[in-house]
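Q: Could you have a look at this structure, given as structure tokens, before my questions?
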Amino acid sequence: MTVTIYVPRDSGALALGAGKVADAIASEIRTRGINAKLVRNGSRGLYWLEPMVEVETSQGRVAYGPVTAKDVASLFDADFLSGGKHALSLGDPEEIPYLARQTRLTFARVGITDPISLDDYKAHGGLVGLEKALTMTPTDIVRQVTDSGLRGRGGAGFPTGVKWKTVLDTPGELKYIVCNADEGDSGTFSDRMIMEGDPFILIEGMTIAAIAVGATKGYIYLRSEYPHAERALNEALAVARKAGVLGKSILGSIHAFDIEVRMGAGAYVCGEETALLDSLEGKRGQVRAKPPLPAHKGLFGRPTVINNVISLASVPIVLDKGAAYYKDFGLGRSRGTIPIQIAGNARYPGLFEAAFGLTLGEIVDKIGGGTKSGRPVRAVQVGGPLGAYFPRELFDTPFDYEAFAAKDGLIGHAGIVVFDDTVDMLKQARFAMEFCGIESCGKCTPCRVGAVRGVEVADRIAHGVEPEKQIELLEDLCNTMKFGSLCALGGFTPYPVMSALRHFPEDFRPHPVREAAE
Amino acid sequence: MKMQSEDVGITARATSIVDEMKKLEGPLLPILHEIQNEFGYVPREALPVIASGLNLSRADVYGVVSFYHDYRDQPAGRHVLKVCRAESCQAMGGDEMADRLRDALGVDWHETSKDGAVTLEPVYCLGLCACSPSAMLDGEVIGRLDEDRIGEIVAEVRQ
């Protein structure tokens, strides 16, 4: 019998040496003459255990990790192909508490299947949502998505079904589905993990969207920092076309749809949906004024659905299990599950998909295990470079769109970056302004000029030049940027800046005072 | 004379790329990617070719090229090292690792070393935030940058 060994192709695992581990395993298989097959799966998202190698044994999957190339020979010696004991044994991966405590709806297959095997995808419940959608009217598909309560996972939290309904109701001979895969927020990697670990779910979600609104062409706008995701997507798209999942007749139906991957060119602002559309059209990635909405006049002026990767990847399960099933998870107006990404100085960094409602403290302390450095957690930035810094005092905030907004923060794309007590919050506030300056598209003044002035003000505070006056100026500047900017880049940069100032005022005091206080 | 023949070569190759790709919807970024892929940068000589092929002004094309961080106006070193400078990597001592790399390689951000061995570029997130600090050397991802890994990177680019 052929034994199947899994070594992730996920770039997080590759960054920790998974490629060398896979090579070493392939070489041992050859020299020992063993009948085994090597599958390059996605990552389970337990990055402190990556590279995590799994073996399909008669008793189920058995995991080992973190494995280095040097460990490989000893794994064979310990008969890991039959689940033999080894210092790196982790047992049944599904029983590792970090994984066992999750509710994996969107990430159900990631780390389990071969990402580019359509048979594997179907064997694990893939395409059921699409098959159901093909029997439904467009209005019914849109209603299911609306009723599920799914909101845009890219950060804005806009109801996905409402977007789709607008496009459905807008007449047009040519409509587009655009997937925003420009995952540029620091601390986020869930889009990347899905695209590398289960690309078919994104293809399925986009195809359902196409049937729902009557679109025939789809684009995945992918950031250029993700070459491994590009490879996985293009491999999966080729398989999907060959199998008739995409093309002139989707699964033998009257619907035609195809998807193309387009690479960005290193501009953060292209994650903003209208800048993304301009970039796809071949222009500078500058933000458009709204209205018109992309749903009315989007890509090349055509009605366009533009959704984040995770939003689209959550659609197949909604169609498969029904709106009520999905909506049953979560709380308030935040329904379903959210793939939380724990990053930065965390002991257990990784992906944790759960229903909305865990508190920030539970996520950081219990799931993330506090800091990797072992020092106290001082601040966590939630929602990327435009998200607020939260102090411990706000750790009781439940992970929910409205609860975070009420605390002057945002959950954004659900990335959480943990900082220990060595962090200098004035430096972080300065960086937020610096980043806005580097990435501003330049179209509106509050963002383009405000960011540069913000860095200067932060530098004056750091040098102790009229600090009280400068702090007042910083607040005023943030106010102008928040209300005067055209998009979230300039409009949300005040979140990290003002939260740092409000919750960590001691870091903004002049140095002599700070030194005296210490 | 040599320069002139190089110019002709660039124009000819850029023309064939434009002709092949201009049928795409929104062809400009894919064309620029292909040109950079071909030459290692976007040569000035290619801009009028693109402009006339796509019926744009040269200023339009230049405006797009200069907007995006990825496009270079001159060739990079033999190796390209991108080091993440964003928050998750900052939280794990990324700034210090970046300083050490700059010292060890003798280059600052956006610079190419004098021997042409390496170009150092800042990047704002590689999506490797669960193994910060991170970097990318010639497209290969590197996680948990530390002294040892910095040593390996320096050795590789110096080879």
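Q: Does region B:131-138 include one or more residues that are at negative phi and over 21 Å from the mean Cα position of the chain (by Cα)?
A: At the first step, the residues of region B:131-138 found to be at negative phi are B:131-137.
Add one more test, that the residue is over 21 Å from the mean Cα position of the chain (by Cα), and what stays is B:131-132.
Scanning region B:131-138, I find at least one residue that is at negative phi and over 21 Å from the mean Cα position of the chain (by Cα), so the answer is yes.
Q: Which condition from (1) under 10 Å from the mean Cα position of the chain (by Cα); (2) surrounded by 22 or more Cβ atoms within 10 Å (Cβ to Cβ) is the one that B:M92 breaks?
A: (1)
Q: What number goes with the only condition from (1) crowded, with 18+ Cβ neighbours inside 10 Å; (2) in a helix (DSSP H, G or I) that A:E475 does not pass?
A: (1)
Q: Considering only residues of region A:378-396 that are aliphatic (A, V, I, L, M) and not in a strand (DSSP E or B), which is surrounded by the most Cβ atoms within 10 Å (Cβ to Cβ)? Write out each step before concluding.
A: We begin by selecting, within region A:378-396, every residue aliphatic (A, V, I, L, M); these are A:379-380, A:382, A:386, A:388, A:394.
Those still in the list that are not in a strand (DSSP E or B) too: A:386, A:388, A:394.
Working: A:L386: 23, A:A388: 26, A:L394: 20.
Result: A:A388.
Q: For region A:164-194, which residues satisfy the criterion of being among the small types (G, A, S), within 14 Å of chain B (Cβ to nearest Cβ) and in a loop (DSSP other than H, G, I, E, B)?
A: Just the residues of region A:164-194 that are among the small types (G, A, S), to begin with: A:172, A:181, A:184, A:186-187, A:190.
Remaining after also requiring within 14 Å of chain B (Cβ to nearest Cβ): A:181, A:184, A:186-187, A:190.
Correct list: A:G184, A:S186, A:G187.
Q: Something else about it: Taking the options A:V62, A:V67, A:V55, A:V142, name whichever one is at pLDDT 95 or above and part of a loop (DSSP other than H, G, I, E, B). Walk me through how you get there before you give the answer.
A: Values: A:V62 fails: part of a loop (DSSP other than H, G, I, E, B); A:V55 fails: part of a loop (DSSP other than H, G, I, E, B); A:V142 fails: part of a loop (DSSP other than H, G, I, E, B).
Of A:V62, A:V67, A:V55, A:V142, the one residue that is at pLDDT 95 or above and part of a loop (DSSP other than H, G, I, E, B) is A:V67.
Q: Keeping to region A:204-234, report how many residues are touching a Gly at 6+ places or on another chain (Cβ under 7 Å) and within 14 Å of another protein chain (Cβ to nearest Cβ). Show your work before the answer.
A: Applying the first criterion (touching a Gly at 6+ places or on another chain (Cβ under 7 Å)) to region A:204-234 yields A:204, A:206, A:208, A:210, A:221-227.
If we keep only those that are within 14 Å of another protein chain (Cβ to nearest Cβ) as well, we get A:221-227.
Residues that pass the stated criteria total 7.
Q: Which of the residues belonging to region A:402-415 are surrounded by 20 or more Cβ atoms within 10 Å (Cβ to Cβ) and either part of a helix (DSSP H, G or I) or more than 14 Å from chain B (Cβ to nearest Cβ) (or both)?
A: So the first thing to find is which residues in region A:402-415 are surrounded by 20 or more Cβ atoms within 10 Å (Cβ to Cβ), and the list is A:403-404, A:409-415.
Result: A:A403, A:F404, A:G409, A:L410, A:I411.
Q: Name the single residue, out of those in region A:419-437 being assigned to a helix (DSSP H, G or I) and facing another protein chain (nearest Cβ under 8 Å), that is farthest from B:Y124 (Cα to Cα). Spell out the reasoning first.
A: Initial filter on region A:419-437 (assigned to a helix (DSSP H, G or I)): A:425-437.
Restricting the remaining residues to those that are facing another protein chain (nearest Cβ under 8 Å) gives A:428, A:431, A:435.
Values: A:Q428: 14, A:F431: 12, A:F435: 9 Å.
Ranking the qualifying residues of region A:419-437, first place goes to A:Q428.
Q: Right, next: Looking at B:I17, is it more than 12 Å from every other protein chain (Cβ to nearest Cβ), crowded, with 17+ Cβ neighbours inside 10 Å and not in a loop (DSSP other than H, G, I, E, B)? Lay out the reasoning, then the answer.
A: On the way: more than 12 Å from every other protein chain (Cβ to nearest Cβ): yes; crowded, with 17+ Cβ neighbours inside 10 Å: yes; not in a loop (DSSP other than H, G, I, E, B): yes.
Yes, satisfied.
Q: While we're looking at this one, here's another question. Tell me, which residue of region A:416-464 that is of a type in the set (D, E) and under 30 Å from A:Y348 (Cα atoms) is surrounded by the most Cβ atoms within 10 Å (Cβ to Cβ)? I'd like the intermediate steps shown before the answer.
A: Just the residues of region A:416-464 that are of a type in the set (D, E), to begin with: A:420-421, A:424, A:434, A:439, A:456, A:459.
With under 30 Å from A:Y348 (Cα atoms) added as a condition, the list becomes A:420-421, A:424, A:434.
On the way: A:D420: 20, A:D421: 11, A:D424: 15, A:E434: 18.
Among them, the one singled out is A:D420.
Q: Next up: Which of the residues that make up region B:109-159 are among the aromatic types (F, W, Y) and either closer than 23 Å to A:G350 by Cα or more than 14 Å from every other protein chain (Cβ to nearest Cβ) (or both)? Even if it seems obvious, please write down each step before you answer.
A: Taking region B:109-159 first, the residues among the aromatic types (F, W, Y) are B:109, B:124.
B:Y124 - this is the single residue of region B:109-159 that is among the aromatic types (F, W, Y) and either closer than 23 Å to A:G350 by Cα or more than 14 Å from every other protein chain (Cβ to nearest Cβ) (or both).
Q: If A:G149 satisfies all but one of (1) under 21 Å from A:L351 (Cα atoms); (2) small (G, A, S); (3) touching a helix residue (DSSP H, G or I) at 6+ places or on another chain (Cβ under 7 Å), what's the number of the condition it fails?
A: (1)
Q: Quick check on region B:59-79. Is at least one of its residues in contact (Cβ under 8 Å) with a residue 60 or more places away in the chain and not in a loop (DSSP other than H, G, I, E, B)?
A: yes
Q: Restricting to region A:311-353, and then to whatever is of a type in the set (F, W, Y) and buried (at least 24 other Cβ atoms within 10 Å of the Cβ), can you tell me which residue is nearest to A:P97 (Cα to Cα)?
A: A:F352
Q: Moving on. So, in region A:368-377, how many residues would count as being at the interface with chain B (Cβ under 10 Å from one of its Cβ atoms) and either in a strand (DSSP E or B) or in contact with a Gly (Cβ under 6 Å, 6 or more places away or on another chain) (or both)?
A: First, pick out the residues of region A:368-377 that are at the interface with chain B (Cβ under 10 Å from one of its Cβ atoms): A:371-373.
Applying the additional criterion that residues be either in a strand (DSSP E or B) or in contact with a Gly (Cβ under 6 Å, 6 or more places away or on another chain) (or both) yields none.
Residues flagged as at the interface with chain B (Cβ under 10 Å from one of its Cβ atoms) and either in a strand (DSSP E or B) or in contact with a Gly (Cβ under 6 Å, 6 or more places away or on another chain) (or both) within region A:368-377 amount to 0.
Q: Please go through region A:335-361 and pick out each residue that is within 12 Å of another protein chain (Cβ to nearest Cβ) and over 21 Å from A:G42 (Cβ atoms).
A: Filtering region A:335-361 down to residues within 12 Å of another protein chain (Cβ to nearest Cβ) leaves A:340-352.
A:G344, A:N345, A:R347, listed by residue number.
Q: So, one more: Test of understanding: among A:D120, A:D182, which residue is surrounded by fewer than 24 Cβ atoms within 10 Å (Cβ to Cβ) and at negative phi? Give the steps one after another, and end with the answer.
A: Values: A:D182 fails: surrounded by fewer than 24 Cβ atoms within 10 Å (Cβ to Cβ).
Residue meeting the stated conditions: A:D120.
The values are calculated or read from the model by the stated rules, or taken from the named source; none is laboratory data. Only a predicted model underlies this, so the values are computations on that prediction, with no experimental measurement involved. Please note: Cβ atoms are built from the backbone with ideal geometry, for glycine as well, and neighbour counts cover all protein chains shown.
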